[in-house]
Amino acid sequence: MVVAVRGAIRVRSNEKSAIHEAATKLADKIMATNGIEMNRIISVLCSLTEDLTVANPATALRLGRFGEVPLFCVQEATVEGQMASLVRMLFTYDTDRTERPQPVYLNGAEGLRPDLAGPDRPRG
């Protein structure tokens, strides 16, 4: 079955190393939380807010272990009042697991989806 799961992470600064570190951390956590195997990933879509200008999160993944995965990056639409310094990802993958994929929000990005927080809902 083909499914998708998303996640987001706040980046500490507009520095290449910070964006690459955040992208890698988010991808690793999404995969671990959902038991995603590298060879079952169909594609990963990344986005970043307009204040992050010095690096592409998809490049960070490609430099790591995602060399064979189709990756794409876009800039988030500018919306008044939006949370800044965010990298988001959408993983599309094939799985035999029947449980619903769990979104992952890290480093303050949890505020994007307070409906997912709570004692019975794991946070990423």
Interchain or sequence-distant (5+) residues whose placed amide H lies within less than 5 Å of the amide H of Ser43 are Thr92
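Assuming R0 = 22 Å, what is the FRET efficiency of Asp51 and Met1, from their Cβ-Cβ distance, to the nearest 0.05?
That pair, Asp51 with Met1, gives E of 0.05.
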Mean-square fluctuation maximum in Gaussian network of the chain, Cα pairs under 10 Å, restricted to Ser47, Ser17, Ser85, hits Ser17
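Using DSSP to call loops (not H, G, I, E or B), can you name the trypsin sites (Lys or Arg not before Pro) in the stretch 36-96 whose Cβ has at most 11 other Cβ atoms within 10 angstrom?
Answer by residue number: there is no such site.
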Per DSSP loop assignment and a cutoff of at most 15 other beta carbons within 10 Å, the chain keeps its longest run without exposed GluC sites (Glu not before Pro) at 100-124
The long-range amide H neighbours of Tyr105, using H built 1.01 Å from N in the peptide plane and a cut-off of under 5 Å, are Ala8, Gly124
Once both label points are put 7 Å beyond Cα along the C-beta direction, the Gln82-Gln102 separation in nm becomes 2.8 nm
Whole-Hz Karplus couplings 3J(HN,Hα) for the stretch 12-27, θ = phi - 60° and coefficients 6.51, -1.76, 1.60, Gly and Pro as x, run 5, 6, 7, 10, 3, 5, 5, 5, 5, 4, 5, 4, 5, 4, 5, 4
Here the chain gives, from Cα atoms, an Rg and Dmax in Å of 13.9, 40
Diffing the stretch 36-41: the Karplus 3J(HN,Hα) column from phi (6.51, -1.76, 1.60, θ = phi - 60°), in whole Hz with x for Gly and Pro, holds 7, 8, 3, 6, 9, 6
Per principal axis, largest first, the Cα atoms of the stretch 1-63 extend in Å by 37, 19, 17
The stretch 26-89, convex hull of Cα, quarter of hull surface, nm² -> 4.7 nm²
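Values in this text are rule-based calculations from the coordinates and carry no lab data. Model, not experiment: these values are computed from the prediction. Cβ: placed from backbone, ideal geometry, glycine included. Neighbour counts: every protein chain shown.
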